[in-house]
Number of protein chains: 2
Amino acid sequence: MPTEPGRVEILALAGLPEVQPGDDLAGLIGDALEATPRALPLEPGDVLVVTQKIVSKAEGAVADLRTVTPRPEAVTWAERWDRDARAIEVVLRDARRIVRMDHGVLIVETPHGFVCANGGVDASNVGPASGDLVTLLPADPDASAAAIRSALRARFGADLAVIVSDSFGRPWRWGIVDVALGVSGLHPLEDLRGVPDADGRVMRTTIRAVADELASAAELALGKTAGRPVALVRGANPPLGEDTIASVLIPAEMDLFR
Amino acid sequence: MPTEPGRVEILALAGLPEVQPGDDLAGLIGDALEATPRALPLEPGDVLVVTQKIVSKAEGAVADLRTVTPRPEAVTWAERWDRDARAIEVVLRDARRIVRMDHGVLIVETPHGFVCANGGVDASNVGPASGDLVTLLPADPDASAAAIRSALRARFGADLAVIVSDSFGRPWRWGIVDVALGVSGLHPLEDLRGVPDADGRVMRTTIRAVADELASAAELALGKTAGRPVALVRGANPPLGEDTIASVLIPAEMDLFR
């Protein structure tokens with residue numbers, strides 16, 4: 001599987017067992033890399049995309065709704081929109097602010113600064129017979145990515161970039177797309193300002209959200225129902241280096257959609 | 001290049017010459033498919049992603065700013081934010097409504113219903129020595145995609161799905177990602193509601209914006225400066241069928257970010 005210019009390959013890794021709190025996630029991913037044809041050896045510019053759910057599960061970022069007492073506002077809103085008031089309570093409890101709470105949609109800013117539906121709190125794919133469990137976002141997705149990267153580098157003797165991804169909705173367009181929650185070893189933005197385009201014209205305002213595009217690309221190989229939570233993207237050659245996902249977040253004073 | 005489960009391959013097509021108004025774009029793309037190793041034969045589920053700029057150029061969706069007289073509002077705003085007042089005039093002239101016009105950012109709703117910066121009007125990569133030319137969005141990107149699909153089906157005797165893509169910014173996150181402007185032969189949304197997830201739990205609200213993810217994935221192979229405007233995505237196997245990009249657009253009464 002050698003890389004060629006203009007060719008990108010995405011491999012869904014096979015063979016991860018159900019992840020439990022406290023599991024050695026990097027170890028499980030390393031085993032999956034070994035079990036996936038053509039994934040090894042790692043190549044420079046390889047990007048590992050790890051979906052949020054297994055990171056949250058391994059880190060124990062899970063809430064048991066049986067322990068949650070919803071505030072009256074959560075009860076009222078949940079009844080109106082046929083939602084679980086306890087899950088709404090979990091979202092509100094952690095939110096930095098409510099961005100929109102209308103039409104049955106609850107959009108908040110998380111403590112990390114992400115603006116997303118339900119603050120990333122999610123009931124799907126938590127595990128068998130887990131009707132009362134929800135996953136929360138990892139507390140520090142950059143650190144989650146860095147830990148996986150470090151362990152894999154030690155095991156395989158090669159560096160790679162790691163993205164922790166999640167599925168976010170967007171204003172104006174239906175449907176979710178995967179974006180980056182955390183990064184290690186790559187810059188989430190590729191700044192092409194000042195780089196001449198194919199005509200030699202200098203592009204003034206092109207900053208490419210390459211980590212988000214990598215997350216979306218990985219999702220195409222993973223699907224939503226196949227139980228494959230990790231993909232390797234080869235050939236995209238994103239800008240490598242030390243950075244954090246905070247680089248992507250538009251600060252409040254520049255935010256036109258508060 | 002056979003497809004395998006969980007493997008997606010993206011090939012940037014080589015060999016497109018500079019596109020001019022009136023060019024047979026589908027013919028040029030067909031030639032590029034023939035010149036790209038492993039692109040042919042086409043396989044079921046193949047998706048061709050064609051970036052907007054060459055579609056607009058072939059269709060003559062170009063404005064010559066030397067013929068444009070900006071309104072006073074455009075002049076004032078352009079002076080304040082160091083923009084070309086004539087280009088602002090082109091954006092305002094075609095806009096269905098202004099969504100935001102602040103911080104030097106002009107976000108409008110286009111006649112198609114897209115909400116994007118500068119209404120998709122773009123000065124980069126228009127052609128050599130073209131300082132006064134800008135491209136507009138294609139008038140009907142679904143029709144643009146359908147015409148390319150139809151011509152390639154006739155030439156190669158195999159169907160494929162076609163996406164016309166463009167780079168859009170997003171609220172809350174810096175950077176542009178490629179999304180679908182027009183589609184032919186695939187559903188832009190994959191509705192997984194009612195499909196059991198890996199645990200057998202029924203997912204209630206998962207609709208995947210697969211056409212947008214395909215557009216973003218293609219961009220990883222194309223880059224912004226390499227002069228490669230078309231990619232073939234193999235192995236993603238999106239939901240095939242007749243549909244339009246209007247399926248993706250959130251109607252005004254459901255739009256929380258007017």
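Rule-based calculations on the coordinates, nothing more; no lab input. The structure presented is a predicted model; accordingly, all values stated were derived computationally and were not measured. Note that each Cβ is placed from the backbone with ideal geometry, even for glycine, and that neighbours are counted across all protein chains shown.
In terms of other Cβ atoms within 10 Å, A:HIS103, A:HIS187 run from fewest to most in the order A:HIS103, A:HIS187. Working ranking of peptides B:41-54, A:158-171 by packing, defined as the average number of other Cβ atoms within 10 Å per residue, highest first, is A:158-171, B:41-54. Between B:ALA35, B:ALA221, B:ALA58, the GNM of chain B built on Cα springs shorter than 10 angstrom shows B:ALA35 fluctuating the most.
Over chain B, dividing the summed -39,500 (n - 2.57) contributions of all DSSP H runs of at least 4 residues by the number of residues returns a 222 nm mean residue ellipticity of -8000 deg cm²/dmol.
This ranking places B:PHE114, A:PHE257 by how few other beta-carbon atoms lie within 10 Å of each, fewest first, which gives A:PHE257, B:PHE114. Whole-Hz Karplus values for the range A:115-124 come out as 9, 7, 5, 6, x, x, 6, 9, 9, 7 Hz, taken residue by residue from phi with 6.51 cos²θ - 1.76 cosθ + 1.60 and θ = phi - 60°; glycine and proline positions read x. Amide hydrogen proximity for B:VAL62: with H placed 1.01 Å from N in the peptide plane, the residues at 5 or more positions away or on another chain lying under 5 Å are B:LEU136.
Amide H contacts of B:LEU256: A:TRP172, each under 5 Å away and 5 or more positions distant or on a separate chain (H built 1.01 Å from N in the peptide plane; Pro and chain starts excluded).
Taking B:VAL210, B:VAL68, B:VAL121 as the candidate residues, the one with maximal mean-square fluctuation in a Gaussian network model of chain B, Cα springs under 10 Å, is B:VAL68. Between B:VAL164 and B:VAL50, B:LEU181, B:GLY182, B:VAL183, the built amide H atoms are under 5 Å apart, and every one of these is 5 or more places off in sequence or on another chain. Ordering B:SER56, A:SER150 from the fewest to the most neighbouring beta carbons within 10 Å gives A:SER150, B:SER56.
Phi angles across the range B:146-162 convert, under the Karplus curve 6.51 cos²θ - 1.76 cosθ + 1.60 with θ = phi - 60°, into 3J(HN,Hα) values of 5, 5, 5, 4, 4, 5, 6, 5, 5, 6, 9, x, 9, 7, 8, 8, 10 Hz, Gly and Pro given as x. Taken residue by residue and averaged, Cβ atoms of other chains lying within 10 Å of the Cβ of A:250-257 number 4. Computed from label points 7 Å out along Cα-Cβ, the spacing between B:ALA35 and A:SER150 is 4.9 nm. The calculated FRET efficiency for the pair A:ARG71 and A:HIS103, based on their C-beta separation and a Förster distance of 30 Å, comes to about 0.90.
Taking a Cβ cut-off of under 15 Å around A:ARG155, the surrounding Lys, Arg, Asp and Glu residues balance to a net charge of -3, with basic ones at +1 and acidic ones at -1.
Take each residue in B:165-172, count the other chain C-beta atoms within 10 Å of its C-beta, and the mean is 6. Per-residue Karplus couplings for the range A:71-80, computed as 6.51 cos²θ - 1.76 cosθ + 1.60 with θ equal to phi - 60°, are listed in order as 6, x, 4, 5, 5, 4, 5, 5, 5, 4 Hz, Gly and Pro entered as x.
All other residues whose Cβ lies under 12 angstrom from that of B:ALA58 are scored, Lys and Arg at +1 and Asp and Glu at -1, for a net of -2. Here the relative contact order of the range B:62-135, from alpha carbon pairs under 8 Å that lie six or more residues apart, stands at 28 percent. Across chain A, C-alpha contacts under 8 Å between residues 6 or more apart give a mean separation that, scaled by the residue count, equals a relative contact order of 26 percent.
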